[in-house]
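Everything on this sheet refers to the single structure shown next.
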Amino acid sequence: MVFIRLLRRRLKFMDVKYFIIWILSILLVIWIIENDVFSMSECIKPIRENGNAESDINFVRLNDDVKESEFKKVNEEYAHYSDKIYPYNRNTPLIFVGGVPRSGTTLMRAMLDAHPGIRCGEETRIIPRLIYMRNQWTNSKKERERLSNAGMSDDVIDSAVGAFILEVIVKHGKSAPHLCNKDPLVLRYSAYMKNVFPNSKFILMIRDGRATVHSIISRRVTITGFNLESYRDCLVRWNTIIEQMYAQCIEVGSESCMPVYYEQLVLHPEKTMKNILNFLNISWSDNVIHHEKFIGDEISLSKVERSSDQVIKPVNLEALSSWVGKIPSDVLSQMDMVAPMLRKLGYDPFANPPNYGDPDSKIKENTFHVQQNKEYWRQLAKKYSIHIKDGIN
């Protein structure tokens, strides 16, 4: 009995002690809130893509039924987290840069990358492969039937493909208000991409097919369907691809697709880039005509891409007519039949050398500087390209 009385007394003492601790805890919480010891906005700030809350920029994934016009409202809702949070979904106005490989797509994306509000980045390589696979599924009658019976409608497939592509574009590089992708062959599927990303815009790089093919062959660029031992075969292949891309560009319309001639970009970069940024509804920045100043800092390059050693230089005329005198005479004499798209795109198939126009004075200066300092540029190129070891310039 004595033991039970002592136990009761002890429990009463413990109750009082814990009650006092509970009261003190409540008072402490009230004091913290009233004195704003910890910023509540900091406590609930979302984790950034680099794994911490220190970054001053982030993307927020929205449902695809949220229209672009509603993005501003989302920005306001997230304003207490950061003033640089960008919502995105399939209605985001993405930029796609493409064309036949070796047509100036890397130069175009580097110039866009120099803009403080745009990020393109290196080629992802997987986006065109995914779109090609999707086409294989839907172009096969038997496969379409199997997919349909499995409940895999076009809407289901396109939603999944769109989500995959969107995440790759958003996550594979630095954050920016305007996102861009440069996988050249994606523009073979512009109409499909426009359906998946309805507010997207496309820049189709067009270059003299003779120059494109010479660049592919001389730099040993391996592209499916191109026989690097034959100018004729490569020109036929170039003709097929550019014809498809040009038709796709026309199909999506001039408000969504802008053909850009490589020659005019090189001869008149400022005028051409102003037209491009106006087409994209993005404000002008002088950075885009001085892209070489931002290489390695704002502009990252892939060491395995064949153009990396060229875009480190300022815009110049070196590659414009380097094909002249390199194409076999029998191919030149039949150029209109081998590559009829040359004439359709406005090139003279029998002009050797061609007259692309007179360059801006600044471009003449750039070209002189590049030619006078070849060894400097060669040594710098080794930093950005593994192909310089092969003696490729």
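Before moving on, here are some points about what is shown:
- With N as its number of residues, the range 219-353 has a Cα radius of gyration that, divided by 2.2 N^0.38 Å, comes to 1.21.
- Cα-centred dipole magnitude for the range 152-239, charges only on beta-carbon of K, R (+1) and D, E (-1), debye, nearest 20: 500 debye
- Within the accessible area of the range 97-249 (1.4 Å probe), percent carbon and sulfur: 51 percent
- Placing unit charges on each Cβ (+1 for Lys and Arg, -1 for Asp and Glu) gives the range 112-265 a dipole about its Cα centre, and among N227, T240, Y189 the Cα reaching farthest toward its positive end belongs to N227.
- Computed over neighbours whose Cβ is under 13 Å from that of N373, the net charge equals -1, Lys and Arg +1, Asp and Glu -1.
- Gyration tensor (alpha-carbon) shape descriptor, the range 175-281, a/c threshold 1.5: prolate
- Electrostatic tally near D113: other residues with Cβ closer than 14 Å to its Cβ, Lys and Arg +1, Asp and Glu -1, net -1.
- Shape class of the range 106-163 from the alpha-carbon gyration tensor: prolate, with a/c at 1.5 or above and a/b greater than b/c.
- Taking the Cα centre of the range 296-341 as origin and assigning +1 to Lys and Arg Cβ atoms and -1 to Asp and Glu Cβ atoms, the resulting dipole is close to 120 debye.
- The alpha-carbon positions of the range 83-199 define a convex hull whose volume is 100 Å³ per residue.
- Counting Lys and Arg as +1 and Asp and Glu as -1 over every other residue whose Cβ lies under 14 Å from the Cβ of S153, the net charge comes to -2.
- Mean separation of Cα pairs under 8 Å and 6 or more residues apart, divided by the residue count, gives the range 239-386 a relative contact order of 32 percent.
- Rounded accessible area per residue of the range 241-393, 1.4 Å, Å²: 53 Å²
- Taking Cα centre as origin and charging only the Cβ of basic (Lys, Arg, +1) and acidic (Asp, Glu, -1) residues, the dipole magnitude of the range 76-166 rounds to 540 debye.
- In sequence order, calculated HN-Hα J values of the range 159-173 (Karplus, 6.51, -1.76, 1.60; Hz; x Gly/Pro): 5, 5, 4, x, 5, 4, 4, 4, 5, 5, 5, 5, 8, 8, x
- Prolate/oblate/rounded label for the range 206-269 (Cα gyration tensor, a/c 1.5): oblate
The values are calculated or read from the model by the stated rules, or taken from the named source; none is laboratory data. Just so you know, these numbers come straight off a predicted model, no measurement behind them. Glycine gets a Cβ as well: all are built from the backbone with ideal geometry, and neighbour counts include every protein chain shown. Only protein heavy atoms, including side chains, enter the accessible area calculation; ligands, DNA and RNA are left aside. Shrake-Rupley method; radii C 1.70, N 1.55, O 1.52, S 1.80 Å.
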